[in-house]
Amino acid sequence: MKTAVITGANRGIGLALTQHYLAQGWQVIGICRTTSPELDASGAQVISGVDVTNTAAIAALAQQLKGKSIDLLINNAGIFQHEQLGNIDYESVQQQFLVNAEAPLRVTEALLDNLASGAKIAFITSRMGSIADNSSGGYYGYRMSKAALNAAAMSLTRDLKPRGIAVAILHPGYVQTAMVNFGGDISANEAAQRLSQRIAGLTLENSGGFWHSNGDPLPW
């Protein structure tokens with residue numbers, strides 16, 4: 001049985017991905033800061049109380065999973081804030097960097113020993129991290145943090161390829177989750193299905209691609 005580890009698994013896209021992979025017969029380990037009734041009822045192994053920005057929490061997670069083989073790591077946990085020029089909350093910008101860019105790198109590095117050749121890592125990013133695609137401005141912390149995540153994911157692509165580990169950099173779409181007050185145009189379940197298709201198609205040859213969940217390549 002294959003094993004997936006998914007961060008931010010308690011709600012939204014993370015929960016939908018958890019439920020999707022469980023339905024496909026995977027063992028899923030759902031990582032979250034605070035669990036939810038839906039996650040608890042899903043059948044996943046739940047590891048809650050994990051603040052992905054906290055060094056000690058990540059070290060404890062790595063210790064708990066020591067010796068556990070992981071076939072797929074999905075770095076999904078993230079936060080979204082809206083800043084406008086002239087009224088930027090720099091503490092919010094810093095927090096988005098910690099959660100959206102630094103934390104996925106922390107989690108990945110902490111779990112490297114669990115990832116054998118043939119394993120896959122998926123980073124749930126956003127097209128808002130694309131510099132070429134920015135036609136509307138604003139959202140400084142979110143855009144900057146996701147661009148930084150994309151850069152980290154590409155470095156991991158280069159560093160992990162000799163170990164046989166492939167990396168996907170994935171935009172889920174505009175998804176109906178609490179993060180955007182459910183204003184999206186696709187459901188979390190549809191996003192999870194699309195994302196899983198991109199992950200299934202991930203190879204060492206296309207590792208490091210920046211894709212929309214619908215399969216379209218995205219500009220950097």
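The values are calculated or read from the model by the stated rules, or taken from the named source; none is laboratory data. Since this is a predicted model, take the numbers as computed values, not measurements. Don't worry about glycine lacking a Cβ; one is built from the backbone with ideal geometry, like all the others, and counts go over all protein chains shown.
Among the residues of the range 75-95, which ones are within 23 Å of residue 13 (Cβ to Cβ), free of Cβ contacts under 8 Å to residues at least 60 places away in the same chain and part of a loop (DSSP other than H, G, I, E, B)?
Start the filter on the range 75-95 by keeping residues that are within 23 Å of residue 13 (Cβ to Cβ), which leaves 75-83, 92-93, 95.
Pick out the ones that are also free of Cβ contacts under 8 Å to residues at least 60 places away in the same chain and you get 83, 92-93, 95.
Residue satisfying the conditions is 83 alone.
Does residue 114 fit the bill of being within 18 Å of residue 206 (Cβ to Cβ) and at pLDDT 95 or above? Reasoning before the result, please.
Working: within 18 Å of residue 206 (Cβ to Cβ): no; at pLDDT 95 or above: yes.
So residue 114 does not fit the description; no.
Listed here are the residues, each with its yes/no results for (1) closer than 27 Å to residue 68 by Cβ; (2) aliphatic (A, V, I, L, M).
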{"site": "90", "(1), (2)": "no, no"}
{"site": "97", "(1), (2)": "no, no"}
{"site": "104", "(1), (2)": "yes, no"}
{"site": "122", "(1), (2)": "yes, yes"}
{"site": "141", "(1), (2)": "no, no"}
**Request:** Scan the range 41-60 and report the pairs whose first residue is on the phi > 0 side of the Ramachandran plot and whose second residue is outside any loop (DSSP other than H, G, I, E, B) and surrounded by 14 or more Cβ atoms within 10 Å (Cβ to Cβ), with Cβ atoms within less than 7 Å and a gap of 6+ or a chain change.
**Result:** 43/22
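Name every residue in the range 136-150 that is surrounded by 14 or more Cβ atoms within 10 Å (Cβ to Cβ) and either free of Cβ contacts under 8 Å to residues at least 12 places away in the same chain or among the charged types (D, E, K, R) (or both), in order of residue number. Can you show your working first?
Just the residues of the range 136-150 that are surrounded by 14 or more Cβ atoms within 10 Å (Cβ to Cβ), to begin with: 139-150.
Listed by number, the residues that qualify are 143, 146.
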**Request:** Output yes when any residue across the range 160-174 is at pLDDT 95 or above, assigned to a helix (DSSP H, G or I) and buried (at least 16 other Cβ atoms within 10 Å of the Cβ), and no when none is.
**Result:** yes
**Request:** Answer with yes or no whether residue 101 is touching a helix residue (DSSP H, G or I) at 6+ places or on another chain (Cβ under 7 Å) and assigned to a strand (DSSP E or B).
**Result:** no
**Matching entry among 133, 185, 159, 216 (being touching a residue at least 24 places away in the same chain (Cβ under 8 Å) and among the acidic types (Asp, Glu))** = 133
**Message:** Being assigned to a loop (DSSP other than H, G, I, E, B), charged (D, E, K, R), modelled with pLDDT of 95 or more and more than 11 Å from the chain's Cα centre (by Cα): is that true of residue 133 here?
**Reply:** yes
**Request:** Find the residue count for the range 5-40, including only residues that are hydrophobic (A, V, I, L, M, F, W, C), touching a residue at least 60 places away in the same chain (Cβ under 8 Å) and over 19 Å from residue 115 (Cα atoms).
**Result:** 5
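Say we look at the range 111-128 and pick out the residues that are part of a helix (DSSP H, G or I) and within 22 Å of residue 9 (Cβ to Cβ); which of these is nearest to the chain's Cα centre (by Cα)? Outline the logic, then answer.
Within the range 111-128, the subset part of a helix (DSSP H, G or I) is 112-114, 127-128.
Then drop every residue that is not within 22 Å of residue 9 (Cβ to Cβ), which leaves 112-114.
Working: 112: 16, 113: 19, 114: 17 Å.
Looking at residues that are part of a helix (DSSP H, G or I) and within 22 Å of residue 9 (Cβ to Cβ), I get 112.
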**Request:** With the condition kept exactly as written, say whether any residue in the range 112-126 is out of contact with any helix residue (DSSP H, G or I) (no Cβ under 9 Å at 6 or more places or on another chain) and farther than 29 Å from residue 60 by Cβ.
**Result:** no
**Request:** Scan the range 45-61 residue by residue and report those that are outside any loop (DSSP other than H, G, I, E, B) and closer than 16 Å to residue 5 by Cβ.
**Result:** 45, 46, 47, 57, 58, 59, 60, 61
**Request:** May I ask you to list the residues in the range 175-220 that are at pLDDT 95 or above, in contact with a strand residue (DSSP E or B) (Cβ under 7 Å, 6 or more places away or on another chain) and more than 25 Å from residue 3 (Cβ to Cβ)?
**Result:** 210, 212, 217, 218, 220
**Request:** Looking only at the range 182-211, count how many residues are under 23 Å from residue 134 (Cβ atoms) and surrounded by fewer than 16 Cβ atoms within 10 Å (Cβ to Cβ).
**Result:** 2
